[in-house]
Amino acid sequence: MRALALLAALLPFAAWTQEAQQTNLRYDEDWSLVSNTPREGWRAAKYRPLTDNGSAYLTLGGEARARFEGFDDNLWGDPPAPDDGYLWLRVMPHADLHVGPARVFVQGIAGYARGVGAGKGPVDETGIDLLQGFADVRMPLGNSGSLTVRAGRELAALGSERLVGIRYGPNIPQAFDGVRAILDHGPARIDAFHLRPVAVASGDFDDRTSTRRLDGVYATLAPATDIGIDAYWLGYKNEEARFAGRTGRETRDTFGLRFFGQRGNLGWNWEAMLQRGHFDGDRIRAWSLATETAWCFTDIPLKPRVRLRANIASGDRDPADGRIQTFNALFPKGKYFGELSPIGPRNIVNVHPSVDFELGKGVTVELVAARFWRESRGDSLYDIPGGLIRPAGGGDARHIGDQIEISAGWQASALLSFTASLSAFRPGSYIRDTGPARQIHMVGAEAMLKL
């Protein structure tokens, strides 16, 4: 009940209207923008000057979330808990101290799960722990540039989070320990890092650095205010990787190019990824293409936005040929294909149309449909973290199934929001050929207080 007590302690903030923009990465918020505006009561917590000239200041904040998820025939009826319903609770307070060019950011977490039938995992519960704790220093470079050097524990989100995300949708985000150097110069940004993911445990203050490693260089160029181009290299190492019943050392390099932007009513986010490396002596030859294209009808009622996502991630052709072609999504965002995401972006082809509406007074509704196939008949079916769902060899069919979903959101105030969703996943021929094949039903409901 500790998380519920912390949630109640944060409720007095809900009546306060914020002036600055919030993000899921709370360390990216700049509350010095409100330094010259009146601040009374809890407003003073967002920008609290510690010196007369404002060169040192403190920002305090936090968020609290309660989320329920209920399933009928999860994983198409596979045990151990196809019929499941559980409650996720988390509270994440933070403090951000700025002293001249230096900064210290600390964010704690209290994350609990109640009623998880299949057993609690790293995405469900962590107890009370340090989610983020780092120090950085920002050094100016000329009139239009800066270099930020950072060390410690932090959440990291690269691009659209297809490969490295903060896992915000599930209960426990994915943090990393390590160092980063961020160069900003005009329309260009280069982010270089050496990180290790945090291994989440269920007790208090017991999260530790894992043995896996993520290195990389991620560059972004904005040739225009509404257009961006990303180019990146990610180096991944895992001494205890698993694939097709084998355990061995995996080294994998990912090279990617992303083109994104918004021009008038048209929005797009297209990305190509190529992977090379080795696993237990075998060569890695994998790839993925991901696209998202949207058009917003701003001049008609409800302002509908039509969006089409189409993705393909390679799968392995033959486990005995000395080549591994299964794409590794590394550390992707949670809820990858929607609120109901039983499968992950490996050995997958999917088409994913949707439309969302603005109903007014902070209410939005989205309707989603999706169809999924296996990219390779010789490979298995995987979940988002890469765990095996259905092994290869049980059937030759490609069609995995079809998903429909309706979700609604209400931004009740600047601080308080609610969401709800209904989802169903009808199994295709591959699921029917390889085991239990019942239709999955899911309901989700969430309340979020963010200050």
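The values are calculated or read from the model by the stated rules, or taken from the named source; none is laboratory data. Keep in mind that what you see is a predicted model, and the values were worked out from it rather than measured. A quick note on method: Cβ atoms are made from the backbone with ideal geometry, for glycine too, and the neighbour counts reach across all protein chains shown.
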For the range 337-378, give me each residue that is modelled with pLDDT of 95 or more, closer than 25 Å to Phe71 by Cβ and hydroxyl-bearing (Ser, Thr, Tyr).
Ser354, Thr364
What are the residues in the range 207-245 that are touching an Asp or Glu at 6+ places or on another chain (Cβ under 7 Å), surrounded by fewer than 17 Cβ atoms within 10 Å (Cβ to Cβ) and more than 20 Å from Leu274 (Cβ to Cβ), if any?
Thr209, Thr211
So in the range 93-112, with the set limited to residues that are closer than 22 Å to Phe331 by Cβ and crowded, with 21+ Cβ neighbours inside 10 Å, which one is farthest from the chain's Cα centre (by Cα)?
Phe105
If only one of Val164, Val116 is of a type in the set (A, V, I, L, M, F, W, C), under 22 Å from the mean Cα position of the chain (by Cα) and farther than 21 Å from Arg26 by Cα, which one is it?
Val116
Qualifying position, being buried (at least 16 other Cβ atoms within 10 Å of the Cβ) and modelled with pLDDT of 95 or more, among Asp72, Asp84, Asp78
Asp72
The range 433-444, residues that are crowded, with 16+ Cβ neighbours inside 10 Å and outside any loop (DSSP other than H, G, I, E, B)
Thr434, Ile440, His441, Met442, Val443, Gly444
Scan the range 153-181 for residues that are in a strand (DSSP E or B) and buried (at least 19 other Cβ atoms within 10 Å of the Cβ) and jot them down.
Arg153, Glu154, Leu155, Val164, Ala175, Phe176, Asp177, Gly178, Arg180
Does the range 122-161 hold any residues that are among the hydrophobic types (A, V, I, L, M, F, W, C) and under 13 Å from the mean Cα position of the chain (by Cα), and which are they?
Val123, Leu155, Ala156, Ala157, Leu158
Could you say whether any residue in the range 423-436 is under 24 Å from Arg305 (Cβ atoms) and at pLDDT below 95?
no
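Quick one: count up the residues across the range 221-264 that are farther than 29 Å from Asp280 by Cα and in a loop (DSSP other than H, G, I, E, B). If you could, list the steps in order and put the result at the bottom.
From the range 221-264, those farther than 29 Å from Asp280 by Cα are 221-230, 258-264; that's our starting set.
Among the residues that remain, those that are also in a loop (DSSP other than H, G, I, E, B) are: 225-226, 264.
Summing the residues that are farther than 29 Å from Asp280 by Cα and in a loop (DSSP other than H, G, I, E, B) in the range 221-264 gives 3.
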If you take the residues of the range 211-260 that are hydroxyl-bearing (Ser, Thr, Tyr) and at pLDDT 95 or above, which of them is nearest to Ile324 (Cα to Cα)?
Thr251
List the pairs whose first member sits in the range 336-355 and is closer than 11 Å to Gly401 by Cα and without any contact (Cβ under 8 Å) to a residue 60 or more places away in the chain, whose second member is among the aromatic types (Phe, Trp, Tyr) and in a loop (DSSP other than H, G, I, E, B), and whose Cβ atoms are under 9 Å apart, counting only residues at least 6 apart or on separate chains?
Ile343/Tyr336; Ile343/Phe337; Asn350/Phe337
Within the range 402-422, count every residue that is assigned to a loop (DSSP other than H, G, I, E, B) and either polar (S, T, N, Q) or at pLDDT 95 or above (or both).
2
I'm checking my understanding of the structure. Among residues of the range 264-306 that are among the basic types (Lys, Arg) and over 26 Å from Glu375 (Cβ atoms), which one is surrounded by the most Cβ atoms within 10 Å (Cβ to Cβ)?
Arg305
Go through the range 135-152 residue by residue and tally those that are part of a strand (DSSP E or B) and either polar (S, T, N, Q) or within 18 Å of Ala56 (Cβ to Cβ) (or both).
8
When you go through Ser421, Ser413 one by one, which is the residue that is more than 30 Å from Gly378 (Cβ to Cβ) and surrounded by fewer than 16 Cβ atoms within 10 Å (Cβ to Cβ)?
Ser413
